[in-house]
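Step one of this worksheet: look at the structure below.
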């Protein structure tokens, strides 16, 4: 599994911690750090980052996104407006475990601006550890796993039917917004090289 780490510029100082924890606990997965970084000239809101996360997922360049903003709520809501993204809000270890076991989404958002004393960092570590503690999508509780997994498939089908195609969605966005997210050169370059969805990846290459 390829995992992308990317968070809003408001939480740049938490990037290394988030990346290190995902790398530590995600077993044999390939983890790619997309920032945001302190040395970048541009600053990116949680809305702009959600669009970049959506591009990474819809293009097939990565399989899973770990993200966040100050509260974690804004990033979760923004990501869930993007085609092909099912993002969970995971403020605790139990929330992380239940989301990937029951809902089996492809993105999570953590609150990076809350309670960041020593205890806050410890809570974040426990959350990321629990997130990757078992293979995703097994259902929970195990005694009701089949029903839970059936409901998850239904949820994903309903979401897909209610959303635009990813390429159609990105083409419809305001030109200034597209120009802004294309300034995140590391993400755009990675998609252009590693994307597996031919149409969306070609669109990204044409816009570079």
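The values are calculated or read from the model by the stated rules, or taken from the named source; none is laboratory data. Everything numeric in this text was worked out from a predicted model, so none of it was measured. Positions of Cβ are generated from backbone atoms using ideal geometry, with glycine treated the same way; all protein chains shown enter the neighbour counts.
See the values below:
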item: Cβ-Cβ under 6 Å pairs, at least 6 apart or on other chains, the range 1-29 side free of Cβ contacts under 8 Å to residues at least 60 places away in the same chain and at positive phi, far side surrounded by fewer than 18 Cβ atoms within 10 Å (Cβ to Cβ) and assigned to a strand (DSSP E or B); result: none
item: Those helices (runs of 4 or more DSSP H) lying entirely in the range 130-208 with at least 3 residues surrounded by 15 or more Cβ atoms within 10 Å (Cβ to Cβ); result: 145-162, 166-172, 185-194, 198-207
item: Count of the range 51-98 residues which are without any contact (Cβ under 8 Å) to a residue 12 or more places away in the chain and either closer than 22 Å to residue 191 by Cα or touching a strand residue (DSSP E or B) at 6+ places or on another chain (Cβ under 8 Å) (or both); result: 1
item: Of all residues making up the range 106-115, the number that are in contact with a helix residue (DSSP H, G or I) (Cβ under 6 Å, 6 or more places away or on another chain) and at pLDDT 95 or above; result: 3
item: Options 136, 132; residue that is under 29 Å from residue 162 (Cβ atoms) and either modelled with pLDDT under 95 or in contact with a helix residue (DSSP H, G or I) (Cβ under 8 Å, 6 or more places away or on another chain) (or both); result: 136
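Here's the yes/no breakdown for (1) surrounded by fewer than 20 Cβ atoms within 10 Å (Cβ to Cβ); (2) over 19 Å from residue 204 (Cβ atoms); (3) modelled with pLDDT under 95:
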{"position": "13", "(1), (2), (3)": "yes, yes, yes"}
{"position": "20", "(1), (2), (3)": "yes, yes, no"}
{"position": "42", "(1), (2), (3)": "yes, no, no"}
{"position": "51", "(1), (2), (3)": "no, no, no"}
{"position": "65", "(1), (2), (3)": "no, no, no"}
{"position": "70", "(1), (2), (3)": "yes, yes, yes"}
{"position": "76", "(1), (2), (3)": "no, yes, no"}
{"position": "85", "(1), (2), (3)": "no, no, no"}
{"position": "97", "(1), (2), (3)": "yes, yes, no"}
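Residue-by-condition table, conditions (1) modelled with pLDDT of 95 or more; (2) over 17 Å from residue 60 (Cβ atoms); (3) out of contact with any helix residue (DSSP H, G or I) (no Cβ under 7 Å at 6 or more places or on another chain):
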{"residue": "167", "(1), (2), (3)": "yes, no, no"}
{"residue": "186", "(1), (2), (3)": "yes, yes, yes"}
{"residue": "190", "(1), (2), (3)": "yes, no, yes"}
{"residue": "194", "(1), (2), (3)": "yes, no, yes"}
{"residue": "198", "(1), (2), (3)": "yes, no, yes"}
{"residue": "202", "(1), (2), (3)": "yes, no, yes"}
